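Take a look at the structure below.
The values are calculated or read from the model by the stated rules, or taken from the named source; none is laboratory data. Predicted model only: the values in this text are computed from it and were never measured. No Cβ is skipped: glycine too gets one built from the backbone with ideal geometry, and neighbour counts run over all protein chains shown. Heavy atoms of the whole protein, side chains included, go into the accessibility calculation; ligands, DNA and RNA do not. Shrake-Rupley method; radii C 1.70, N 1.55, O 1.52, S 1.80 Å.
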Amino acid sequence: MRNRDDRDSEFVDKLVHINRVAKVVKGGRRFGFAALVVVGDQKGRVGFGHGKAREVPEAIRKATEAAKRNFIRVPLREGRTLHHDVAGRHGAGRVVLRAAPPGTGIIAGGPMRAVFETLGIQDVVAKSLGSSNPYNMVRATFEALQREDSPRGVAARRGKKVSEIVARRRDTAGEAAAAAEA
């Protein structure tokens, strides 16, 4: 049993949203709770889960278990930010995620911030457009993160060396700086 606790302790979980829902029955209203939880290892793996129960702690426990079942791996640059800018959408929720230089911090709204903190990203600029529904924002953020690709993956797909792909990134950054000076 102790081995399982050690494994669970490597994960950080954040409660994003609790929703009280009512079911109308003959004697009145019966209340239940829905919880949205994000779980990550702060090293590039993250998952989210949704749980419903009559009591808040039980809903959170169910959501946490669901989150641990659907982890995704996100490639990070230098273990602190994204490799490139990316957008995602789910329903009416749209998000734009941008890579940021060191020292920027996490500039993002509530539900997105929870995802980035549990993922282990330290520098990112994100904007939520459209719906502010936490469920749609989290799903849109995950959809964007799944589109994130590392230079290693791009190089493998194109049959090139990683240095060729990364060199192009530096060249375009140099050209942009030169254009800004002119």
With the crude spin-label approximation of a point 7 Å out along Cα→Cβ, what separation in nm comes out for Lys161 versus Phe31? 6.5 nm
Using the Cα centre of segment 27-182 as the reference point, and only Cβ charges (+1 on K/R, -1 on D/E), how large is the resulting charge dipole? Debye, rounded to the nearest 20. 620 debye
Å² of accessible area per residue within segment 16-81, as computed with a 1.4 Å probe and no ligands counted: 59 Å²
Among Ala114, Asn19, Leu82, which residue has its Cα positioned farthest towards the positive end of the charge dipole of the chain, with +1 placed on the Cβ of Lys and Arg, -1 on the Cβ of Asp and Glu, and the dipole taken about the Cα centre? Asn19
Could you work out what % of the accessible surface of segment 48-130 is carbon and sulfur, using a 1.4 angstrom probe and leaving DNA, RNA and ligands out of the count? 54 percent
So what is the relative contact order for segment 30-74, in percent, with contacts set as C-alpha pairs under 8 Å and at least six apart? 41 percent
Convert each backbone phi in segment 98-113 into a coupling constant with the Karplus relation 6.51 cos²θ - 1.76 cosθ + 1.60 (shift: θ = phi - 60°), then list the ³J(HN,Hα) values in order as whole Hz, x for Gly and Pro. 10, 5, 9, x, x, x, 6, x, 9, 10, 7, x, x, x, 5, 4
Gain in span if fully extended, Arg69 to Lys52, counting 0.36 nm per residue against the direct Cα distance: 4.5 nm
A correct Karplus calculation of ³J(HN,Hα) over segment 67-79, with 6.51 cos²θ - 1.76 cosθ + 1.60, θ = phi - 60°, whole Hz and x for Gly and Pro, returns 5, 5, 7, 10, 6, 10, 9, 10, x, 10, 8, 6, x
Ranked by accessible surface with a 1.4 Å probe, highest first, in what order do Arg139, Arg147, Arg77 come? Arg147, Arg139, Arg77
Let's test the formula: R0 of 45 Å, r as the Cβ-Cβ distance of Val21 and Asp149. What FRET efficiency results, to the nearest 0.05? 0.70
Distance between Cα centroids, segment 96-112 to segment 48-87: provide it in whole Å. 17 Å
Work out the FRET efficiency for His84 and Gln42 from their Cβ-Cβ distance, taking R0 = 30 Å, and round it to the nearest 0.05. 0.90
Could you give the dipole magnitude of segment 43-116 about its Cα centre, charging the beta-carbon of Lys and Arg +1 and that of Asp and Glu -1, in debye to the nearest 20? 160 debye
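Can you order the peptides 140-146, 104-110 by their average number of other Cβ atoms within 10 Å per residue, highest first?
140-146, 104-110
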Mind listing the long-range amide H neighbours of Val124? Cut-off is under 5 Å, sequence gap 5 or more, other chains count too, H placed in the peptide plane at 1.01 Å from N. Gly105, Ile106, Ile107
